[in-house]
Amino acid sequence: MKKILLILIVAIASINAQNLQVGSDIQMLNNYEYETPKSRKMKIPLNTKTLLIAFDKDTGALVNEYLATKNKYFLQKKKAIFIADINKMPTMVTNMFALPKLRKYKHLIYLHYGEKFQNAVPRREEKVSVVRFEDKKVKSISFITSKEELSKVF
Amino acid sequence: MKTNLLLSSLILLSIVLFSGCASKMQAPKNSGFFKSYEHLQVNSNHVSDAVKLAAYKKIYVEEVSVIPSIALEEQTSEQKQLYTGISKYATNKLKEALKFKNSNEKTKDSLVMQSAISASEVHFDDKEWNQLSPLSLGITVVSLNAYLEESARLVGEYRLIAKDETISKSLKQIKEIPISLNGDYLTLDDLKSSIDAWVDIVASEINKGNK
């Protein structure tokens, strides 16, 4: 019985180890692939302090519209990265509407197309995930919904 | 007839749109200027005819091209000046380093050297990453982090042409020297160590044939 319990604990721990949580190493994010809207492959810089992740159209628009009001190097100056996970977007919508629009933004956007990312990173319905890093480890995770909250992130 | 044409067009459009490939841009795979990289891997020098190379005493060095990976209309005036500066600096360094007699013009008895410099983003710990991923030779929103993380490397290429035939070509990435950003913009000073290292390698390759 004790053995089964131990195996179960180890199994759960190893599953959680694949998920981004407080204490996780930032390198874990580079197990996934990212591209700019112009299809240029990107890596997450290891000195990133803040990560914003949007999982749907509205939260993506919230972040993009906010960043569009800032200098195009705003994210880099803040050592921040913005990931838009668009794996749920239908291909036709991505190609016809989303990519042409995203290519017009001056700031840097990381797009993620795969399925597994959304299960590995913390998310809440209709919210932007905010992950803060210190010494390459996750320090805190929070979720925001408004422009006011977004402006306080930085 | 018209209905059939319209239907066919709609079907074709649907296939294209649903295929996921239609408007996804194809990013360039390599940063360089060769049309083909057959027989040429990173840090290799391919000599198709060493005997022909040894027969020449004179060399005409064309101005080093700079491949900035930034569209002309997007280049700032500082970047344009930088590329002119890189070209002049690298060309002069090559002419000084090569033991062949410098020819001021292309002649039948001179080799012609064409070369180019560009930048690539590297992640040597990632075997899946294309270590020749083109990187803008200048600061853009896409390239800035690569320079800050010291993931930028100079790539130098050249070919030697004799009587309209390419007899040697080389592709070098200066792996050991990261291109460091010392200010808000990339400058020639940030690149000189890498350019000098490339010139030394080129000279050692080519001067072998000029004994």
In order through the stretch B:114-122: 3J(HN,Hα) via Karplus (6.51 cos²θ - 1.76 cosθ + 1.60), integer Hz, x for Gly, Pro:
10, 8, 8, 10, 8, 10, 9, 9, 10
Only Lys, Arg (+1) and Asp, Glu (-1) charged, at Cβ; the stretch A:31-154 dipole about Cα centre in debye:
600 debye
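Hey, got a sec? Which GluC sites (Glu not before Pro) in the stretch B:92-138 land in a DSSP loop and have at most 12 other Cβ atoms within 10 Å? It would help to have the intermediate numbers written out before the result.
Working: sites: B:96, B:105, B:121, B:128; in loops: B:105, B:128.
Within the stretch B:92-138, the qualifying GluC sites (Glu not before Pro) (loop, at most 12 other Cβ atoms within 10 Å) are B:105, B:128.
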Search the structure for amide H atoms under 5 Å from the amide H of residue B:66, placed 1.01 Å from N in the peptide plane, and list their residues when 5 or more places away or on another chain.
B:117
Can you work out the Karplus-derived ³J(HN,Hα) for every residue in the stretch A:62-76? Use 6.51 cos²θ - 1.76 cosθ + 1.60 with θ = phi - 60°, whole Hz, and x for glycine or proline.
4, 5, 4, 5, 5, 5, 5, 8, 9, 4, 5, 9, 3, 4, 5
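Can you give the longest run of chain A that contains no GluC sites (Glu not before Pro) sitting in a DSSP loop with at most 16 other Cβ atoms inside 10 Å?
In short, A:34-114.
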When the convex hull of the Cα atoms of the stretch B:28-207 is projected onto a plane and the area is averaged over all directions, what value comes out in nm²?
10.4 nm²
Hey, could you pull the Cα Rg and Dmax for chain A, both in Å?
16.5, 60
So what's the net charge close to residue B:181: Lys and Arg +1, Asp and Glu -1, counting the other residues with Cβ under 15 Å from its Cβ?
-3
Can you tell me the alpha carbon radius of gyration of the stretch B:162-208 divided by the globular rule-of-thumb value 2.2 N^0.38 Å?
1.50
On a 0 to 90 degree scale, rounded to 10, what angle separates helix A:2-17 from the longest Cα axis of chain A?
10 degrees
Cleavage-rule hits (trypsin sites (Lys or Arg not before Pro)) in the stretch B:52-91: DSSP loop, at most 16 neighbouring Cβ within 10 angstrom:
B:57
Residues meeting the amide H criterion for residue B:103 (H placed from the backbone, H to H distance under 5 Å, 5 or more places apart or on another chain) are B:59, B:60, B:61
Using the Cα centre as the reference, give the magnitude of the dipole from point charges on the C-beta atoms of the stretch B:28-207 (Lys, Arg: +1; Asp, Glu: -1; all else neutral), rounded to the nearest 20 debye.
1000 debye
Please turn the phi angles of the stretch B:132-148 into ³J(HN,Hα) values with the Karplus equation 6.51 cos²θ - 1.76 cosθ + 1.60 (θ = phi - 60°), one per residue in order, whole Hz, x for glycine and proline.
9, 4, x, 10, 4, 8, x, 8, 9, 4, 7, 8, 3, 4, 5, 5, 5
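Quick note: the coordinates plus some simple rules give every number you see, no bench work behind them. Predicted, not measured: the structure shown is a model, and the values here were computed from it. When we count neighbours, we look across all protein chains shown, and the Cβ atoms used for this are built from the backbone with ideal geometry, even at glycine.
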